[in-house]
Amino acid sequence: MRFNQRTVAFVAALAVLAAPATFAGQTPAPAQDAPRKLISPMRGEATIEYTKPNTKVTGAEVVTIITAKNTSAAPIAGFKVEENWYDKGGTPVGGDLYRHPKPFMPNEIITITLRTPKKPTMQSNQYNFTHANGTIKLKQVPKLTPSTT
């Protein structure tokens, strides 16, 4: 029986790949138990509960921490929070932007940290909550608790 070089190389490569699992007595792990289910993101007005922003001066920065919870029925895609600082005359003097790296799931609680370089002319700030598919209706609460559902 004659084998060409490609057939011999293929069989040898297959033996090398299969050998570690055979010798270890293990079988290759399945990729996943079940396929992921895609959920349609929120369109239109989403609802968010948030705690009062905690703003402190840390060194040469003004750090603001906000805790937020998605109270909408669907995930929020492209969730972002923008902080803008103004001087006494209302002229913008700086700010920061937070973008959530993945969809903001229903009942998920996240911590938003905004860092702005400190300037002596800073007087007041403003927050703007938005998402990719519409607007956000805000409700300030004293404390956020995880939902059991």
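If we scan the stretch 27-39, do we find a residue that is within 26 Å of residue 144 (Cα to Cα) and either modelled with pLDDT of 90 or more or in a loop (DSSP other than H, G, I, E, B) (or both)? Let's see the steps before the verdict.
First, the residues of the stretch 27-39 that are within 26 Å of residue 144 (Cα to Cα): 39.
Narrowing further to those that are either modelled with pLDDT of 90 or more or in a loop (DSSP other than H, G, I, E, B) (or both): 39.
Checked against the condition, which is being within 26 Å of residue 144 (Cα to Cα) and either modelled with pLDDT of 90 or more or in a loop (DSSP other than H, G, I, E, B) (or both), the stretch 27-39 yields at least one hit.
For the condition surrounded by 13 or more Cβ atoms within 10 Å (Cβ to Cβ), in contact with a Lys or Arg (Cβ under 6 Å, 6 or more places away or on another chain) and of a type in the set (D, E, K, R), what is the one hit in 87, 96? Talk me through it step by step, then tell me what you get.
Working: 87 fails: in contact with a Lys or Arg (Cβ under 6 Å, 6 or more places away or on another chain).
96 is the lone residue from the list that is surrounded by 13 or more Cβ atoms within 10 Å (Cβ to Cβ), in contact with a Lys or Arg (Cβ under 6 Å, 6 or more places away or on another chain) and of a type in the set (D, E, K, R).
Considering only residues that are touching a residue at least 60 places away in the same chain (Cβ under 8 Å) and among the basic types (Lys, Arg), look in the stretch 93-149 and name the one that is farthest from residue 44 (Cα to Cα).
Here the residue is 118.
Look at the stretch 52-72 and say how many of its residues are touching a Ser or Thr at 6+ places or on another chain (Cβ under 9 Å), touching a residue at least 12 places away in the same chain (Cβ under 8 Å) and farther than 19 Å from residue 135 by Cα.
Matching residues across the stretch 52-72 total 8.
Could you run through the stretch 107-149 and say how many residues are under 20 Å from residue 53 (Cα atoms), part of a strand (DSSP E or B) and in contact with a Gly (Cβ under 7 Å, 6 or more places away or on another chain)?
3
Filter the stretch 73-106 for residues that are assigned to a loop (DSSP other than H, G, I, E, B), in contact with a Pro (Cβ under 8 Å, 6 or more places away or on another chain) and over 18 Å from residue 135 (Cα atoms) and give the result.
Across the stretch 73-106, there are no qualifying residues.
The values are calculated or read from the model by the stated rules, or taken from the named source; none is laboratory data. Computed from a prediction, not measured in an experiment: that's the story for all the values here. Using ideal geometry, Cβ is built from the backbone for each residue, glycine included, and neighbour counts are taken over all protein chains shown.
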